[in-house]
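First comes the structure, then the notes that go with it.
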Amino acid sequence: MKQPYKQSSKFAEEAKDLRIGERLAYFRKSKGITLAQLSAEASISESTLSRAENGLSSLNAHNLYILAKVLGVDVVAFFRTDAVSFSKGMRAITKRGQGDRETTERYDLELLCGELSAKKMVPSVNRVSVRTLEDVGGLQAHEGEEFLYVLSGSVEIHTEYYTPTLLGSGDSMYFDSNMAHAYVAAGDGPADILVVAAVEE
């Protein structure tokens, strides 16, 4: 298992205003690997990585999980630089609307309790606006398990082995996230969903 990347205080100060793509470039260069090498290891196209590093496009959450594993960093490190490793007796609180926010190709994401890294679960609230599987970029998979709870609106869950499933407010699903999947909005407006991803070590 790769050891989590330890952020120096110098990096935390320098990177606090960096976007996700810029942090990706920092981690990649710190490991001394090229875009081509990262592309091969992560199975993400070199052009996608290059566009993300240069701020021309965003990375979806699935790709962030994959890149975090390949680079040996916690996925939280893409969002903030002051996170501390979770340990016995610790807790974190996120007040309504005050999580770390990022707009991705698939949805608007609000990372919850991001001040703790090295957690076994990564919770977030996602606003799903994209309405077709094609526009969301198709099905994607990442290691671990995932729990989804619909807070408002309705969402259609596309998965590799099942027919599309419609979930409305109050509905939930737990599934193996190694199974390729995607969410699309199914109602008149966007859907807000709570997603908890359990990360494999």
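We did not get these values from a lab; they are worked out from the coordinates using the rules stated. No experiment lies behind these values; they were computed from the predicted model shown. Don't worry about glycine lacking a Cβ; one is built from the backbone with ideal geometry, like all the others, and counts go over all protein chains shown.
Observations on the structure shown:
- Computed over the Cα atoms of the range 154-201, pair by distinct pair, the Kirkwood hydrodynamic radius stands at 11.7 angstrom.
- Here the range 97-116 is scanned for amide nitrogen atoms under 16 Å from the site 7 Å beyond the Cα of Glu22 along Cα-to-Cβ, giving 101-103.
- Lys, Arg +1 and Asp, Glu -1 on Cβ, resulting dipole of the chain about Cα centre, debye, nearest 20: 840
- By the equivalent-ellipsoid construction on the alpha carbon gyration tensor, the range 84-198 comes out with semi-axes of 25, 16, 12 Å, ordered largest to smallest.
- All-pairs Cα distance distribution in the range 40-133, expressed in whole percent, bin size 10 Å: 14, 44, 33, 8, 0
- The range 9-78 - Rg and Dmax from Cα coordinates, angstrom: 11.1, 32
- Between Thr94 and Tyr174, the modelled labels are 2.1 nm apart [label points 7 Å from Cα along Cα→Cβ].
- Base-10 log of normalised Debye intensity for the range 74-115 (one unit scatterer per alpha-carbon) at q = 0.26, 0.35 Å⁻¹: -1.00, -1.28
- Between the C-alpha center of the range 32-90 and that of the range 173-191 there is a gap of 22 Å.
- Among the listed pairs Lys69/Lys120; Lys29/Lys69; Lys29/Lys120; Lys29/Lys119; Lys31/Lys69, a Cα-Cα separation exceeding 19 Å is found for Lys29/Lys120; Lys29/Lys119.
- Between Thr163 and Ser57, the simple label model (points 7 Å from Cα in the Cβ direction) yields a spacing of 3.3 nm.
- When the P(r) of the chain is calculated, the portion above 21 Å amounts to 52% of the C-alpha pairs.
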